[in-house]
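Only one structure is covered here, and it is reproduced in the block below.
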Amino acid sequence: MKKFLTQFRALLWQALQVEWSNSERWLSPLLFSATMIILFVFSFGKVEPKFLPQLYIAATFITAFLSLQIAFSRVLEPDMQDKVFDQLRTYPISPSAWFLSKYTIVILLGVLILLPTLFLSNLFLNEGPVSFLSGSILIIGLLALLSLGALGVLLSTMMLRSNAKQILYPLIYFPLTTPVLLSAVESSHAVLVDAKVLSDLMSSWLGLLVIFGIMYFTLCLLLFGELVKPE
Amino acid sequence: MIDARKQDRLTMTLGFVAFLFAAACWFYALKLAPSDEAQGEVYRIMFFHVPSAFMAFLASGALLFTSGWTLFKRSPTAALWSKACAEVGLMFTAITLITGSIWGRPTWGVWWTWDARLTTTLILALLYAGYLIFTSSMAPGPQRDRMAAALGLVIAIDVPIIYKSVTWWRTLHQPPSLMRAGGSTMDPEMKNILYVCFFAMLFVAIWLIWTRAVNLKLQAAIEEHSHQAHSH
């Protein structure tokens, strides 16, 4: 256990240093996010107040989802330089520690993108006096992030060796995450439009979101070891 | 050589029997099955559409099994079987979408709608296509087999979602008619014909997967032989 934690800490620290070494790495998804929201505002034009919550949910989740892809797809990029990835595969490193370090950095980046996106969406899209920002929306966003992050790490690792990753990533990642996105959107809709509390949603959309989080995390943790095994 | 010829003849005979059986079933379904009270004659496409949809799902079940086999047994042959399952699965998913669209036009008034089951079936088609592009975009070897197997396992998870989508989401698509709480709502004669069509399609699907897997094995052997010849 101690060895596992040491490996996890070392790998996480290395990943953090890489992400922090260049502000472009964590700033570009944020700028992309802000641009997307502005585009949403322009493309929808004047919206009737009763449709604003719906627009807020759709625009926020789509923006966060697309911005996260930039971060996810780049998480393993530094490992590909100087054959670090191939060297790491030959070391006696626990695949679980490796996966968890990548997963943690993805979740950190995700939170860094999600929070400003929620705030900016509320700022730009909400014309009413009542704020759309709430703890419930944040919890739903974080739960979605747990599923998206696990799949993001697994598929990014898979695509490293593929020479068609530009087409494969959207072709595989987007369909697999559709149920997660749909559960997050429906849960948020129930909270914002139908004024439901989270505990009421556990037997429906929120429950599905939690199940997907657990399922994708477990599956990706187990399968990651197979992807990084040396040939 | 004689063995190969014998095997070819057996494969062709089995294929002929499978397709003849399927054709006879569809002829019976189209000409002799009773009309539906609500939908009239148009419902008959169901005898092609529903078995195709089941085969698309079953192919993903087979993909799950062969992917697991590849991962746990490190079998390159299982990886070829996985590819064959994905190809046949994609074919049946495409047939399901096309026949569903043809059925949807007179009953719903549209060729396509973003209904839950239609969307999730389209997602399944995209995933099969993604799986096949992924396998062809990597160099052959144990690593490709392992990665494709991992992807196969993840894709197979999508199938229960597709099946449950009709009950989870508000949908235009009719709820399951065969496997539902309280028993089937279908006319017994229609149900029996559907079961026979289902069996015929299963026979066709197994034959297609088997033939494709044999072809892929041959292709792999030829590539291996050619690689060895070049290295010498």
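What follows is calculated from the coordinates using simple rules that are stated; it is not laboratory data. It should be emphasised that the depicted structure is a prediction, and the values quoted were computed from it without experimental measurement. Neighbour counts run over all protein chains shown; Cβ positions are idealised from the backbone, glycine included.
Structure above, values below:
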| quantity | calculated |
| --- | --- |
| Average beta-carbon neighbours from other chains, 10 Å sphere, peptide A:178-186 | 3 |
| Cα centroid separation, the range B:81-96 to the range A:167-208 (Å) | 29 Å |
| Mean Cβ neighbour count within 10 Å, used as a protection proxy, ranking A:67-76, A:202-211 highest first | A:67-76, A:202-211 |
| Rg to Rh, two decimals, where chain A supplies the alpha carbon set and Rh follows Kirkwood | 1.00 |
| Size of charge dipole - chain A - debye, nearest 20, with Cβ of Lys, Arg +1 and Asp, Glu -1, no other charges | 440 debye |
| Lys, Arg +1 and Asp, Glu -1 on Cβ, resulting dipole of the protein assembly as shown about Cα centre, debye, nearest 20 | 800 debye |
| Lysine pair number, Cα distance threshold 20 Å (strictly under), chain B, separation 8 or more or different chains | 5 |
| Under Karplus coefficients 6.51, -1.76 and 1.60, residue-wise ³J(HN,Hα) of the range A:155-172 in Hz, glycine/proline x | 6, 4, 5, 4, 7, 3, 9, 7, 8, 10, 5, 4, 8, 5, 4, x, 5, 9 |
| Ranked by how many other beta carbons lie within 10 Å on average, peptides A:19-31, B:30-42 from highest | A:19-31, B:30-42 |
| Shielding score for B:146-153, defined as the mean number of other chain Cβ atoms within 10 Å | 6 |
| Taking only Cα atoms of the range A:41-140, radius of gyration then Dmax in Å | 18.8, 59 |
| Non-local Lys pairs in chain A, i.e. 8 or more apart or on different chains, that have alpha carbons under 30 Å apart | 14 |
| Helix axis angle, A:205-227 relative to chain A longest principal axis, alpha carbon, degrees | 20 degrees |
| Stretch in chain B that is longest and holds no chymotrypsin sites (Phe, Trp or Tyr not before Pro) that DSSP places in a loop and that have at most 12 other beta carbons within 10 Å | B:115-232 |
| In sequence order, calculated HN-Hα J values of the range B:47-58 (Karplus, 6.51, -1.76, 1.60; Hz; x Gly/Pro) | 5, 9, 5, 5, x, 5, 4, 5, 5, 4, 5, 5 |
| Fraction in percent of alpha-carbon pairs per bin - 10 Å, chain B | 7, 28, 32, 21, 9, 3, 0, 0 |
| Average partner coverage of B:20-31, which counts Cβ from other chains inside 10 Å | 0 |
| Nearest-ten-degree value, helix A:2-21 long axis tilted from longest Cα axis of chain A | 60 degrees |
| Whole-number Å³ per residue for the convex hull built on Cα positions in the protein assembly as shown | 183 Å³ |
| Phi to ³J(HN,Hα) by Karplus 6.51 cos²θ - 1.76 cosθ + 1.60 over the range B:200-214, Hz, x for Gly, Pro | 4, 5, 4, 4, 4, 4, 4, 4, 4, 5, 4, 4, 5, 5, 4 |
| Alpha-carbon centroid distance for the pair the range B:102-131 / the range A:70-141, whole angstrom | 32 Å |
